[in-house]
1. Taking the range 265-300 as the search range and keeping residues that are within 16 Å of ligand 2 (Cβ to nearest atom) and assigned to a helix (DSSP H, G or I), which one is nearest to residue 201 (Cα to Cα)?
2. Step by step: first the residues of the range 208-230, then only those that are part of a helix (DSSP H, G or I) and touching a Ser or Thr at 6+ places or on another chain (Cβ under 7 Å), then the one that is surrounded by the most Cβ atoms within 10 Å (Cβ to Cβ). Which residue is that?
3. Out of 338, 330, which single residue is in contact with a helix residue (DSSP H, G or I) (Cβ under 9 Å, 6 or more places away or on another chain), in contact (Cβ under 8 Å) with a residue 60 or more places away in the chain and surrounded by fewer than 14 Cβ atoms within 10 Å (Cβ to Cβ)?
4. Filter the range 317-327 down to the residues that are assigned to a loop (DSSP other than H, G, I, E, B) and either open to solvent by less than 20 Å² (accessible area, probe 1.4 Å) or not aliphatic (A, V, I, L, M) (or both) and list them by number.
5. State the number of residues belonging to the range 263-277 that are surrounded by fewer than 24 Cβ atoms within 10 Å (Cβ to Cβ) and either charged (D, E, K, R) or out of contact with any His (no Cβ under 6 Å at 6 or more places or on another chain) (or both).
6. Take the residues of the range 244-264 that are acidic (Asp, Glu) and more than 9 Å from ligand 2 (Cβ to nearest atom): which is farthest from residue 292 (Cα to Cα)?
7. Test each condition in (1) more than 16 Å from ligand 2 (Cβ to nearest atom); (2) in contact with a Leu (Cβ under 6 Å, 6 or more places away or on another chain) for residue 143 and report the one that comes out false.
8. Which of the residues spanning the range 288-316 are open to solvent by 60 Å² or more (accessible area, probe 1.4 Å), in contact (Cβ under 8 Å) with a residue 24 or more places away in the chain and farther than 17 Å from residue 32 by Cα?
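The values are calculated or read from the model by the stated rules, or taken from the named source; none is laboratory data. Every value quoted in this text rests on a predicted model; they were computed, and no experiment measured them. Cβ: placed from backbone, ideal geometry, glycine included. Neighbour counts: every protein chain shown. What goes into the accessible areas is simple: the full protein's heavy atoms, side chains included, and nothing from ligands, DNA or RNA. Shrake-Rupley method; radii C 1.70, N 1.55, O 1.52, S 1.80 Å.
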Amino acid sequence: MTQSITIRRPDDWHLHLRDGAMLQAVLPETARHFARAIIMPNLVPPVVTGDHAAAYRDRILSALPDGMSFEPLMTLYLTENTDPQDLAAAAASGLVKAVKLYPAGATTNSASGVRDFDKVRGVLEKMAEIGLPLCVHGEVTDADIDIFDREAVFIERVLDPIRRATPGLRVVMEHITTADGVDYVKSQDSDLGATITTHHLIINRNHILVGGIKPHYYCLPVAKRETHRLALRAAATSGDARFILGTDSAPHTDANKETACGCAGCFTATNTMALLAHVFEEDGALDRLEDFASRNGPRFYGLPVNKDTITLTKTAEPTVFPQKIDSNDGPVTVFDPGFPVFWTVT
Ligand code: DOR
Ligand code: ZN
């Protein structure tokens, strides 16, 4: 039986750090295990210019506790008014590593997102020219499309047409939740990648709804049926370089989750690496955990793999994770996988 595994230090290719008190509380949870993360720009107001991204990066670095190292990889929030020159300058300086596309209304703080995709054509062409990746929240927002179908419909109606119209555009389908997403990535070339979250490898939609509604399992895109979860597991553990760890760890206070209209997001920064060791071991793929968590991301983004390592060790007793992280805004519940985990990061 494998007792421990040492892998290159992982990165998180999709992370919500928020701002202010919440940033202060959650940043150490990520920096403890991860060297770098792609930082989502859906603040209020959103991070839409190079100047905003530089200021946000400074706030992240000042919130980092002494003795921890962490590199925030900044993104810009794409709006119908994004200036291609500002974006190109922010990319050329090395500050901005990707641009995030939220269809307007798709999720938390997405009101400034894109309604008319023709209006961002010039920006997308610029991005293809300079090789700046587009991170896509892949869900349509049409009221007549069932929430469980919104990813599959997005691929057909929005993503595939954008990619055909913009040859060379590098795209990451963020947090894929369906076999349709997996199949689409596999059918394309290496200009298309996809992040997969830890929680979507663990829960299906029954976890949210059976036996009472579980607000801490509600996120967007919402978890789908079991066949989709199994397709995600197969993709993540396959070693295919196009599937990349992006936790989408998304903190909301308990007050904002446990309410009549709760926010979407699972907070997994604290226990993600231990949970992934469990998942990969269960699927007989521990030797591919390093590809998923530490190698595929830098390869897609054209960055070096981290030099240092982390070690995951098998424990005799179930690992006890904190149930909550305290912030000055209120407590944040840590994702509970619902089964004992015999792994810890040492
Ligand atoms: O569950 C989610 N939470 N999905 C998203 O797309 C946004 C995120 C958030 O910012 O809370
Ligand atoms: Zn997200």
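1. Looking at the filtered set, the residue picked out is 272.
2. Filtering the range 208-230 down to residues part of a helix (DSSP H, G or I) leaves 208-209, 215-217, 226-230.
Then keep just the ones that are touching a Ser or Thr at 6+ places or on another chain (Cβ under 7 Å); that gives 216, 228.
Details: 216: 21, 228: 23.
Selected residue: 228.
3. Details: 330 fails: surrounded by fewer than 14 Cβ atoms within 10 Å (Cβ to Cβ).
Only one candidate qualifies: 338.
4. Listed by number, the residues that qualify are 317, 318, 319, 321, 322, 323, 326, 327.
5. Residues in the range 263-277 being surrounded by fewer than 24 Cβ atoms within 10 Å (Cβ to Cβ) and either charged (D, E, K, R) or out of contact with any His (no Cβ under 6 Å at 6 or more places or on another chain) (or both): 4 in total.
6. Step one: filter the range 244-264 for residues acidic (Asp, Glu), giving 248, 254, 258.
Of the ones still in play, those that are also more than 9 Å from ligand 2 (Cβ to nearest atom) are 254, 258.
Numbers: 254: 30, 258: 32 Å.
My answer is 258.
7. (2)
8. Those that are open to solvent by 60 Å² or more (accessible area, probe 1.4 Å), in contact (Cβ under 8 Å) with a residue 24 or more places away in the chain and farther than 17 Å from residue 32 by Cα: 288, 295, 299, 302, 316.
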